[in-house]
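A short worksheet on the structure shown next.
The values are calculated or read from the model by the stated rules, or taken from the named source; none is laboratory data. Note that this is a predicted model, so its numbers are computed, not measured. Cβ coordinates were reconstructed from backbone atoms using ideal geometry, including for glycine residues, and neighbour counts include every protein chain displayed. These accessible areas exclude ligands, DNA and RNA; they are computed on the full protein's heavy atoms, side chains included. Shrake-Rupley method; radii C 1.70, N 1.55, O 1.52, S 1.80 Å.
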Amino acid sequence: MNFYTNKLFSKKMIHFRSFNINSPINFASVIFHLFFCFNTISLVKANSYSDTSTAEKKSSTLLIRKSSFSPKSVLSILNSKSLLGNFSSASTHAAVNDIRISGTVRFLTIYRSMKEYYPDMITSQRNFSFVDYPLANVGANNSGGFPMLELNLSNSPLSKFQFSVGYSFASTLTGKMENTDPSRQLSSRNNLRFGGKWASGPVRVSVDAGGILWTKVSRFTMGQTQYRDNYFDRVPWDWYRNSFLRYEEYYTLSTNIGAEGFGRSPLLGYVANVDILPLQMRLMGVYGRTNLSATVANSVNGFPSEVYAGRVEKTIFTRRIAGKVGFNYYMKNAQTDISRGIPDQNDMYTVDYNLKIYKILFSGEAGIGHINNPALKDRGAGFAFKTELDRSVTSFPIALEYYRIGVNMASIDGSILNSNTTIRAGGYATEFVYDASMNLNIMQEVGQIANNRHGFSLTGEKNIWRFKIQFGYAISQELKHISDTITMQHRVNAFSRSRFRPWFQASGPYGRIKGFWLRTFETITTDSNTTGLKGFNAFDLLLKYKCKFLNKDLVILNFINYNSVQVGFKPIPEMSDKAFVRLFYEDITLAYRLGKKYNIVFNAGVETMKGNDKTNLSPENGKPIDQFGYAYGGAIDYDFAPNAGIHFRHKWMSHKDKNFTLDRFKGQESYIELKIFF
């Protein structure tokens with residue numbers, strides 16, 4: 001099987017470079033006959049309302065009735081020689097009758113009206129859109145939006161084999177675009193995914209092939225960065241069937257709740273796992289492409305870029321020690337272009353562990369990496385060590401982490417935020433303005449790690465009656481000076497801003513805005529004559545409270561963040577103009593349950609960002625950045641069925657820089673979404 005299979009949409013369907021599995025024609029015929037032989041479909045009782053936690057959620061399914069269609073056309077194919085060999089008539093009847101269908105239907109409309117806006121915003125001043133992101137090839141990668149329809153067929157025709165086949169349909173109906181015709185494209189994707197499981201005595205084997213396979217090998221090697229998400233916007237965590245449950249879990253859980261692929265990489269390829277039970281060992285192998293290993297434009301032309309990864313994991317369970325140790329390997333094997341054969345490679349070898357010793361949890365990872373591309377042939381190293389005391393030890397759970405990662409320890413598919421300019425999303429030839437993986441001197445969130453950096457992070461939490469308090473503090477410093485650029489994250493209006501000109505890394509009136517999936521960053525430049533290594537400080541405080549108001553549940557979430565960048569390793573954030581940049585952000589969310597099917601949400605946030613005279617100065621008045629932004633809005637969620645709901649949000653937003661006078665926008669945005677799970 002040749003798997004140059006990253007996806008690219010045309011107006012009609014996805015294209016695959018090659019996908020050959022013994023007898024694909026027979027297999028495709030089976031699937032399409034199943035689709036067209038349906039006469040009726042019976043709806044099995046869907047998931048009822050419950051307070052079941054996220055980890056315990058199960059998708060409701062549709063089952064095809066035995067009497068709902070005639071399986072003769074299917075049987076004629078299955079009884080022939082197929083990719084799995086000969087089927088008996090009885091087994092074929094059973095297989096057909098047990099076909100399970102599940103999926104989602106989603107209709108989205110976003111309306112934006114801007115009084116003031118950026119001159120390079122790709123949508124018009126007043127715009128209707130029916131997709132998350134304008135001009136995005138929906139679903140083409142981890143940063144492409146959500147489709148309107150997702151359909152999955154699954155079955156276990158043999159006791160040791162199971163398969164699933166997916167189909168998705170999406171539009172790019174973006175409404176009127178500035179200086180262009182409105183987009184009226186429709187697209188579909190054949191999301192083929194196959195899974196098999198075998199058991200033979202003490203050995204268990206599972207194989208998944210196709211896409212999208214959300215995959216994590218280890219924190220350093222393969223498993224993309226985790227960010228804190230906004231509580232008000234529905235994406236990316238709109239897979240909840242019970243709308244109010246999301247807010248209850250934000251209150252209850254200590255960890256952040258993210259999208260389906262939270263902390264994992266989207267893979268198109270193969271993932272194999274072998275469990276050897278007597279040895280308490282697992283072997284893992286990965287091969288394929290990720291959303292960052294090749295550009296969308298190169299995904300269908302045979303561009304040489306592949307990802308290999310592997311893991312050997314050993315479970316340890318003794319009287320005093322319990323946990324796992326893993327040995328990991330990752331390699332992106334690519335070339336700069338199709339014809340010249342110039343290598344563009346990087347790899348990693350790491351060891352990670354997660355062990356509980358005498359009720360204290362120790363975790364971490366360490367390893368080495370190599371880079372081989374036209375600009376650099378070198379190696380690097382890094383480690384991260386963490387110690388945690390949980391509630392079994394103390395009523396005040398706390399965790400301390402120290403990391404030190406060299407600039408040449410890099411993986412675009414891992415969780416290390418990248419400052420190495422030779423490692424680029426899509427490959428070495430990617431232009432800077434399209435490189436979504438570049439985070440030069442980033443003011444990272446507490447708990448995130450970056451290369452060319454060493455630092456500490458401290459997190460803890462305390463419950464006082466119904467109050468829950470979570471805090472985090474991070475201190476770090478660059479290991480060597482490699483750039484005068486600083487990257488900052490805008491959290492107020494992050495989703496709305498990221499849609500102004502998505503995926504472009506030099507937008508806005510001054511060419512400093514970086515648009516990502518659900519997030520917006522900005523870069524500024526410091527004075528090249530400044531001496532000393534940059535230091536970074538970040539402080540987070542999350543206050544949570546739940547109570548009854550008028551005999552109804554009310555959840556209050558208040559998040560506060562402060563970041564600073566200055567010269568040197570500082571134990572306390574810099575509050576004065578000695579800091580290159582100071583950023584303050586706060587938002588508050590109130591979720592109120594009106595009834596079993598209804599809830600309302602209110603949200604407000606503010607953000608300030610100030611620079612000093614050692615950073616970019618305004619061409620208008622010669623002063624540094626001095627920004628203020630805000631957002632406030634309300635929402636209504638109505639779950640009209642156990643597996644369906646309609647969701648409305650409206651907000652007012654504004655951003656203004658006192659000195660860079662062109663950096664300003666102001667407007668309103670509304671969106672309504674109908675989501676049905678089946």
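Tell me which of these residue 263 doesn't satisfy, since it passes every other one: (1) of a type in the set (Gly, Ala, Ser); (2) more than 30 Å from residue 359 (Cβ to Cβ); (3) in a loop (DSSP other than H, G, I, E, B).
Exception for residue 263: condition (2).
Got a sec? Which of 535, 511 is within 27 Å of residue 451 (Cα to Cα) and open to solvent by less than 10 Å² (accessible area, probe 1.4 Å)?
That would be 535, the only listed residue that is within 27 Å of residue 451 (Cα to Cα) and open to solvent by less than 10 Å² (accessible area, probe 1.4 Å).
Could you check the stretch 355-380 and list, in sequence order, the residues that are part of a strand (DSSP E or B), closer than 23 Å to residue 426 by Cα and in contact (Cβ under 8 Å) with a residue 12 or more places away in the chain?
Answer for the stretch 355-380, where residues must be part of a strand (DSSP E or B), closer than 23 Å to residue 426 by Cα and in contact (Cβ under 8 Å) with a residue 12 or more places away in the chain: 368, 369, 370, 371, 372, 373, 376, 378, 379, 380.
Taking the condition open to solvent by 50 Å² or more (accessible area, probe 1.4 Å) and of a type in the set (Ser, Thr, Tyr), does residue 598 pass?
yes
Quick one: which of 549, 536 is aromatic (Phe, Trp, Tyr), on the phi < 0 side of the Ramachandran plot and touching a residue at least 60 places away in the same chain (Cβ under 8 Å)?
The unique qualifying residue is 536.
Report whether or not residue 564 is hydroxyl-bearing (Ser, Thr, Tyr) and out of contact with any strand residue (DSSP E or B) (no Cβ under 7 Å at 6 or more places or on another chain).
no
Residue 592 - would you say it is surrounded by 15 or more Cβ atoms within 10 Å (Cβ to Cβ), in contact with an Asp or Glu (Cβ under 9 Å, 6 or more places away or on another chain), at pLDDT 95 or above and of a type outside the set (Val, Ile, Thr)?
Against the criterion (surrounded by 15 or more Cβ atoms within 10 Å (Cβ to Cβ), in contact with an Asp or Glu (Cβ under 9 Å, 6 or more places away or on another chain), at pLDDT 95 or above and of a type outside the set (Val, Ile, Thr)), residue 592 qualifies.
Go through (1) in contact (Cβ under 8 Å) with a residue 12 or more places away in the chain; (2) open to solvent by 10 Å² or more (accessible area, probe 1.4 Å); (3) part of a strand (DSSP E or B) for residue 561 and report which single condition fails.
Unmet for residue 561, out of (1) in contact (Cβ under 8 Å) with a residue 12 or more places away in the chain; (2) open to solvent by 10 Å² or more (accessible area, probe 1.4 Å); (3) part of a strand (DSSP E or B): (2).
Does residue 212 qualify as being assigned to a strand (DSSP E or B), under 30 Å from residue 417 (Cβ atoms), modelled with pLDDT under 85 and under 16 Å from the mean Cα position of the chain (by Cα)?
For residue 212, the condition - assigned to a strand (DSSP E or B), under 30 Å from residue 417 (Cβ atoms), modelled with pLDDT under 85 and under 16 Å from the mean Cα position of the chain (by Cα) - is met.
For the stretch 461-491, how many residues are farther than 12 Å from residue 563 by Cβ and open to solvent by 10 Å² or more (accessible area, probe 1.4 Å)?
19
Tell me, yes or no, whether the stretch 307-319 has at least one residue that is hydroxyl-bearing (Ser, Thr, Tyr), open to solvent by less than 50 Å² (accessible area, probe 1.4 Å) and under 22 Å from residue 269 (Cα atoms).
no
All but one of (1) within 25 Å of the chain's Cα centre (by Cα); (2) open to solvent by less than 20 Å² (accessible area, probe 1.4 Å); (3) more than 26 Å from residue 250 (Cβ to Cβ) hold for residue 523; which doesn't?
(2)
Which residue pairs have Cβ atoms under 7 Å apart, sit 6 or more places apart or on different chains, and have a first residue in the stretch 84-112 that is open to solvent by less than 10 Å² (accessible area, probe 1.4 Å) and a second that is part of a helix (DSSP H, G or I) and modelled with pLDDT under 55?
The qualifying pairs are 92/75; 92/78; 96/74; 99/34.
Residues 313, 306: which one is in contact with a strand residue (DSSP E or B) (Cβ under 9 Å, 6 or more places away or on another chain), under 25 Å from residue 219 (Cβ atoms), modelled with pLDDT under 95 and of a type in the set (D, E, K, R)?
The unique qualifying residue is 306.
What are the residue pairs meeting all of these: first residue in the stretch 340-352, first residue more than 13 Å from residue 377 (Cα to Cα), second residue acidic (Asp, Glu) and crowded, with 22+ Cβ neighbours inside 10 Å, Cβ atoms under 9 Å, and 6 or more apart or on different chains?
From residues that are more than 13 Å from residue 377 (Cα to Cα), the pairs are 350/365; 351/365; 352/365.
Can you name the residue in the stretch 367-393 that is surrounded by fewer than 17 Cβ atoms within 10 Å (Cβ to Cβ) and of a type in the set (Gly, Ala, Ser) and is also nearest to the chain's Cα centre (by Cα) among such residues?
Out of the qualifying residues, it is 381.
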